[in-house]
């Protein structure tokens, strides 16, 4: 029995060691990927500047394709490590990485999400605003800033950010669903009218009718109860 318990303890120690090795390896991989992404961005800038190069369009497309693949890989690895590291250690790792690469939007987005996860809403708000200062047309930046405002019960600001996110990605039904859930009575008519106009312009967006009906029903019931 004693040998059995010792064997279990030994296996647990080995498992913990392997997990730590994998996490450290993943950290190094992320650091390398982010550095490579930054280097590729500089190569892209220099390539775009060289108007005398007849191969510029082909080179530009190749670099952009490589960057897109690399960004997807970084995002995937950041998601994995976010699940494996304790919150405090994750904030330290992501914070250091963001300071080394202040122009990397993906890092700031992920760090903002980490702050949301630990319910540090003030720092999450700051991080998503930094993302939007760098990239005002970021759909996910506006979406997560709206989520922060909603958690803070600042529903007017949340509604504004959801609306901006919808303009950037009007077919995302999840954003519309969340937006409709926080529409105040004073904005009901405006939102219903705008969604109705959008449905007329884009009849293929049939999901809009469901949310128009939900809004009408929501405030009809409220009126009946008063």
Relative contact order for the chain: what is it in percent, counting Cα pairs under 8 Å that are at least 6 residues apart? 10
In whole Å, largest first, the alpha carbons of the chain cover along the principal axes 72, 71, 32
Taking 55, 134 and counting other beta carbon atoms within 10 angstrom, the fewest-first order is 55, 134
Simple spin-label model, 7 Å along Cα-to-Cβ: residue 119 to residue 23 in nm? 2.2
Mark the label point 7 Å from the Cα of residue 45 along Cα→Cβ and return the residues of the stretch 95-111 whose backbone N is within less than 15 Å of it. 101-105
According to the Cα gyration tensor, what semi-axes, each the square root of 5 times an eigenvalue, does the equivalent ellipsoid of the stretch 101-226 have, listed from largest to smallest in whole Å? 30, 18, 10
Sequence ranges 101-109, 23-31, ranked by mean other-Cβ count within 10 angstrom, highest first: 101-109, 23-31
Taking N as the number of residues in the stretch 65-149, what is its Cα Rg relative to 2.2 N^0.38 Å? 1.03
Please give the helix 207-225 orientation as an angle from the longest Cα principal axis of the chain, in degrees from 0 to 90, rounded to the nearest 10. 60
With the convex hull built on the Cα atoms of the stretch 158-216, state its orientation-averaged projected area in nm². 3.5
Counting other beta carbons within 10 Å of each Cβ, put 127, 94 in order, fewest first. 94, 127
Two-site label geometry, residue 198 and residue 174: point separation in nm, points 7 Å out along Cα→Cβ: 1.6
Helix-only mean residue ellipticity at 222 nm for the chain, each DSSP H run of n ≥ 4 adding -39500 (n - 2.57), per residue, nearest 500: -28500 deg cm²/dmol
If we sort 144-155, 176-187, 56-67 on the protection proxy, mean other Cβ atoms within 10 Å, highest first, what's the order? 144-155, 176-187, 56-67
Applying 1/(1 + (r/R0)^6) with R0 = 45 Å to the Cβ-Cβ distance of residue 53 and residue 186, what FRET efficiency is obtained, to the nearest 0.05? 0.20
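Taken together, the values in this text are just the output of simple stated rules run on the coordinates, not laboratory data. Keep in mind that what you see is a predicted model, and the values were worked out from it rather than measured. Backbone-built Cβ (ideal geometry, glycine too); neighbour counts: all protein chains shown.
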